[in-house]
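As structure tokens, the structure follows; a few thoughts come after it.
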Protein chains: 2
Amino acid sequence: PLCLCCALGPAAASAAATNILLLLMDDMGWGDLGAFGEPSKETPNLDQMAAEGMLFLDFYTANPLCSPSRAALLTGRLPVRNGFYTTNGHARNAYTPQDIVGGIPDSELLLPELLKKAGYTNKIIGKWHLGHRPQFHPLRHGFDEWFGSPNCHFGPYDNRERPNIPVYRDWEMVGRYYEDFKIDLKTGEANLTQLYLQEALDFISKQQASQQPFFLYWAIDATHAPVYASKQFLGTSQRGLYGDAVREIDDSVGKILKHLQQLGISENTFVFFTSDNGAALISAPKQGGSNGPFLCGKQTTFEGGMREPAIAWWPGHIPAGRVSHQLGSVMDLFSTSLSLAGLQPPSDRQIDGIDLLPVILQGKLIDRPIFYYRGNELMAVRAGLYKAHYWTWSNSLEEHSKGIDFCPGQSVAGVTTHTQEEHTCLPLLFHLGRDPGEKYPLSFASEEYQQAVEHISGLVQQHKATLVPGQPQLNVCDQAVMNWSPPGCEKLGKCLKAPESDPQKCSWPH
Amino acid sequence: PLCLCCALGPAAASAAATNILLLLMDDMGWGDLGAFGEPSKETPNLDQMAAEGMLFLDFYTANPLCSPSRAALLTGRLPVRNGFYTTNGHARNAYTPQDIVGGIPDSELLLPELLKKAGYTNKIIGKWHLGHRPQFHPLRHGFDEWFGSPNCHFGPYDNRERPNIPVYRDWEMVGRYYEDFKIDLKTGEANLTQLYLQEALDFISKQQASQQPFFLYWAIDATHAPVYASKQFLGTSQRGLYGDAVREIDDSVGKILKHLQQLGISENTFVFFTSDNGAALISAPKQGGSNGPFLCGKQTTFEGGMREPAIAWWPGHIPAGRVSHQLGSVMDLFSTSLSLAGLQPPSDRQIDGIDLLPVILQGKLIDRPIFYYRGNELMAVRAGLYKAHYWTWSNSLEEHSKGIDFCPGQSVAGVTTHTQEEHTCLPLLFHLGRDPGEKYPLSFASEEYQQAVEHISGLVQQHKATLVPGQPQLNVCDQAVMNWSPPGCEKLGKCLKAPESDPQKCSWPH
């Protein structure tokens, strides 16, 4: 019996050589896939992936914005621990724009650094977003290969006030967006997803040939505004350009999974699909997706900002057609990947992610809360089906009056507030089973309220009592640190002259 | 080639003896099934039914309220034609409360009346809702058997001011709700769905034994407030009592389909599942469902009020796993059923339903508009992916100030208006592919707007020019016509004394 327990343990069951493939979408919402109820049902490959694997309905990001979410995924830790937050504005979202001085601290241990110990080759394709100054380069943080860019594909810029974003191959830049990597803002045409697809197929083939286990982090960004798709996908969706981008991604994921099957390594490759934060409703409907029945979107700690589409696929291991209500987090991908590699998570620091293999392989349900942070503030907590809001905020009246709306068409009195409202003494409580849209707060006087809030308050106390915030990395901005002269620019004649250094507090309006 | 065309035609392909089973839900929303994206995914049997059949994503009711919707389904005609509307309040929803004087006119031809000509035995189980005075009895309009009630299961009433609603078996009442058919409003317990299930199973068995084709109209109402479920389903859902009711329905549908299979008649029985109108958000979350990503709910002509979950199932005929974007309507079930029976629709009147068999069997897409009526007003029209609103209204300021909210948590400026707003000169236009939630009206100045509105305006002109409204049946109310002494009451000692007749204009606040 003792042997039995160990032989069947998740770490042992998954040989150390299991490949890991994370498909991370950008600003894709819970409601964007057919399997999650998107009314146009245009994602046959992802729906098939779900039908062959496990669909997670209650999967969350660690932050409703890109950089902190990605830092959390790769460190297994909340942004408030790994430094991806700001203290220069209460409860405001911070990220890594071009002029950010900070980035991922050397003291953080990233998933690829740890996987190296188990012999993995690690590649990032697409968006890094953990800082772009030399010390933050992904190849200094565990990755062996990179094709992609340090920032979003915003632009085009004039290269005088602000340089266009570089695209790297490994250590050096190979061009810039809008110059060498075209994006046509008028038509929405760009072939970047095809480049990222080909990179993935080639890397997988190479690794299969070399018999080396791999970690591939496919962090593409076609669904982030400005949204783009390749010519052959333009106009193919009922949903407009955003839908075209989703169709191309769906097609690409189908090709990647088929490639794994054709190489005979699908049963040895754990694939997980999710997104970095909720759909950017502010850009919808032409440049943004859907959060289905949920409230608000990106930038907020309502369900629409943080609940993500998620699918685990691993033929021969995950029984087909499973649906899990496990409360999951992008941070769990850190711990789960370590478990797949037969590694232990670091014991010298708090890890927020949990190992999902018992959930995925054995259908277990693990009781754990979800913490919803916005910047340096714990805004809300979910435990079971209850969600308590300790702070509510959509955005400021000033921003809202400029037409910046994170909750278009939605307005719940006292909930989608335009001032930062504190509810720490009497949190707003929702039952996400009866009310996934967070529209009907429970009565403060009800017994149900009192029991649920008592339970959640205990979790919050415990969390806050043991929380050691990391050094905030996202406080200071300086236009001298922008991507003027990335490594490799000399060879290409693409070095630009940086202005003088002038560090400032970054401005975080949300 | 001539023979080929006819031999393969839909009517010929489906032998005249095909059984027809319509599963009509009450106030169930598009977002209530797992297959449509409900976040708790608790409908395995319905999801399986969809996986084995055809899922309709763009299926509509003919009216956002129960009685007119059901009258439209059974006549194949818009309520404005069959008389199920009012002229005593502009654009107001009318139905058949206990004191309604009107009901389905004898001049209307109902589906069961027509199916009789092809030898069908017709049964209605559940809610009739087409009038309760003797001349409106379902057995006078083509049904051979009935187990159910003429009205909603509202109550309990005191039998002095207002009688409890009777439950009929065929021609006579067999008891009343809350008296002989218990509904516990505190716990939500009622075993009615089990009774309706058993009726269905028994009827199907009897018909199979007698080798007679049947039309079974299973019009159950557990998801209409006050929502109920049987004891064994109470507390089984993550969604509360409403979810318990859905689980019991899901379980029942599973049992009915399995019964057809076990009797060996599943390949000879066309089954269609849908709902009478959108989820009643005013009763949500405890007593109402979900309209997924759509705007508002029951009583409104926004998508949440009129887009319905819909599944066609017919093993051996419908290929498994199909998804259709055909714009469908409950009125199509009239024409489709006739086609299945090898019958022609009546040629002496306008029929709004179309035969969906080419869609269902051959995957065709038929171009047709959807008309959204509220009472006597054409509020909106959908053609392709565009929807033009000619009138907008949620409900009156007066009603809204009392807390009656058809769009809780949702508010789109100029769209979810609390006054009746006319837009006939410049309709509000939405693209339901990019924007299923009707949140982002297209710019009046855009070429896209002008082209789409020009097209839709042509359809409206044509529709209005040829429209002959029926005599409105829902104008007059009289408490003397309530269910005081239904046939059969003498045997049961359940006759009540009616008050004096005092006909009044009915009051339709919405």
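The values are calculated or read from the model by the stated rules, or taken from the named source; none is laboratory data. The structure displayed is predicted, hence computed values, not measured ones. A quick note on method: Cβ atoms are made from the backbone with ideal geometry, for glycine too, and the neighbour counts reach across all protein chains shown. All accessible areas refer to the heavy atoms of the entire protein, side chains included, with ligands and DNA or RNA removed. Shrake-Rupley method; radii C 1.70, N 1.55, O 1.52, S 1.80 Å.
Structural remarks
- Listed residue (B:Phe143, B:Leu111, B:Pro345) projecting farthest to the positive dipole end of chain B, Cβ model: B:Phe143
- Rounded percent of accessible protein surface that carbon and sulfur make up, the stretch B:377-466, 1.4 Å probe: 54
- A:Trp218 accessible area, assembled protein chains, probe 1.4 Å, Å²: 0
- Positive-end extreme of charge dipole, the protein assembly as shown - chosen from A:Gln261, B:Val253, B:Met54 (charges on Cβ): A:Gln261
- Copies compared at B:Glu399 - label distances in nm, ascending, label defined 7 Å from Cα in the Cβ direction: 3.7
- The listed residues A:Glu38, B:Glu422, A:Glu500 rank as A:Glu500, B:Glu422, A:Glu38 when sorted by accessible area, largest first, using a 1.4 Å probe.
- Using a probe of 1.4 Å, the accessible surface attributed to B:Val271 totals some 0 Å² when neighbouring protein chains are kept in position.
- Carbon and sulfur %, accessible surface of the stretch B:19-368 computed with the full protein complex present, 1.4 Å: 47
- Axis-proximal residue of chain B for the rotation onto chain A, reported as residue and distance in whole Å: B:Gly37, 1, based on Cβ position.
- Label points for A:Pro469 are taken 7 Å from Cα along Cα→Cβ. From this copy to the others they lie 6.4 nm apart, shortest first.
- Going from the isolated chain to the complete set of protein chains, the stretch B:425-445 loses at least 20 Å² of heavy-atom accessible area (1.4 Å probe) at B:Gly433, B:Arg434, B:Pro436, B:Lys439, B:Tyr440.
- Under 5 Å, built H, 5+ apart or other chain: amide partners of A:Phe215: A:Ile20, A:Thr121, A:Asn122, A:Lys123
- Each residue of the stretch B:18-26 was assigned a 3J(HN,Hα) from its phi angle through the Karplus curve 6.51 cos²θ - 1.76 cosθ + 1.60 (θ = phi - 60°); the sequence is 5, 5, 10, 10, 9, 9, 9, 8, 10 Hz, with glycine and proline shown as x.
- Once backbone amide H atoms are built at 1.01 Å from N, B:Glu308 has B:Phe59, B:Tyr60, B:Thr61 as its partners under 5 Å, excluding neighbours fewer than 5 places away on the same chain.
- Largest to smallest principal axis extent of the C-alpha atoms in the protein assembly as shown, angstrom: 94, 62, 56
- DSSP bridge orientation in the stretch B:144-244 - percent antiparallel, rounded to nearest 5: 75
- Net charge of neighbours whose Cβ lies under 11 Å from the Cβ of B:Lys206, counting Lys and Arg as +1 and Asp and Glu as -1: -2
- About the Cα centre, charge dipole magnitude for the stretch A:302-383 (Lys/Arg +1, Asp/Glu -1 at Cβ), debye: 160
- Applied to the stretch A:122-131, the Karplus parametrisation 6.51 cos²θ - 1.76 cosθ + 1.60 on θ = phi - 60° returns per-residue 3J(HN,Hα) values of 10, 10, 10, 10, x, 8, 8, 6, 10, x Hz, with x for Gly and Pro.
- Global form of chain A, assessed from the alpha-carbon gyration tensor, a/c cut-off 1.5: rounded
- Structure note, pairs B:Lys127/B:Lys464; A:Lys298/B:Lys387; A:Lys364/B:Lys231; A:Lys286/A:Lys364; A:Lys505/B:Lys439; A:Lys41/A:Lys127: Cα-Cα distances above 29 angstrom occur for B:Lys127/B:Lys464; A:Lys286/A:Lys364; A:Lys505/B:Lys439.
- Coupling constants for the stretch B:397-413 follow from the phi torsions by the Karplus curve (6.51 cos²θ - 1.76 cosθ + 1.60, θ = phi - 60°), and in residue order they are 4, 4, 5, 4, 5, 7, x, 7, 10, 7, 9, x, x, 10, 7, 10, 3 Hz; glycine and proline get x.
- Under 5 Å from the amide H of B:Tyr390 lie the amide H atoms of B:Ala380, B:Val381, each residue being 5 or more positions distant or on a separate chain, with H modelled from the backbone and absent for Pro and chain starts.
- Every Cα-Cα pair in the stretch A:140-191 was counted, and those over 12 Å apart are 66% of them.
- Accessible area in the full protein assembly, largest first, 1.4 Å probe, for A:His317, B:His455, B:His389, A:His325: B:His455, A:His317, A:His325, B:His389
- In the full protein context, the stretch B:377-466 carries 43 Å² of accessible surface per residue, based on a 1.4 Å probe and ignoring ligands, DNA and RNA.
- Percentage relative contact order, chain A, counting C-alpha pairs under 8 Å, at least six apart: 25
- Two-decimal Rg/Rh across the stretch B:58-125, once Rg and the Kirkwood Rh are taken from alpha-carbon atoms: 1.00
- Threshold 40 Å² - residues in the stretch B:39-77 whose accessible area is reduced by that much or more when the chain is no longer isolated, probe 1.4 Å: B:Pro39, B:Lys41
- Rolling a 1.4 Å probe over the heavy atoms of the protein chains gives the stretch B:19-368 an accessible area of 28 Å² per residue.
- Leading residue at positive end of dipole, the stretch B:53-208 (Cβ point charges), from B:Tyr157, B:Trp128, B:Gly175: B:Trp128
- Chain A: antiparallel DSSP beta bridges as a percent of all, rounded to 5: 50
- When A:Glu303, A:Glu454 are compared by accessible surface with a 1.4 Å probe, the order from highest to lowest is A:Glu454, A:Glu303.
- Chains A and B together bury roughly 2900 Å² of accessible surface, counting both sides and using a 1.4 Å probe on protein heavy atoms.
- Computed [θ] at 222 nm, deg cm²/dmol, the protein assembly as shown (DSSP H ≥ 4; -39,500 (n - 2.57); rounded to nearest 500): -7000 deg cm²/dmol
- For the protein assembly as shown, the antiparallel share of DSSP beta bridges with both residues in that region comes to about 50%.
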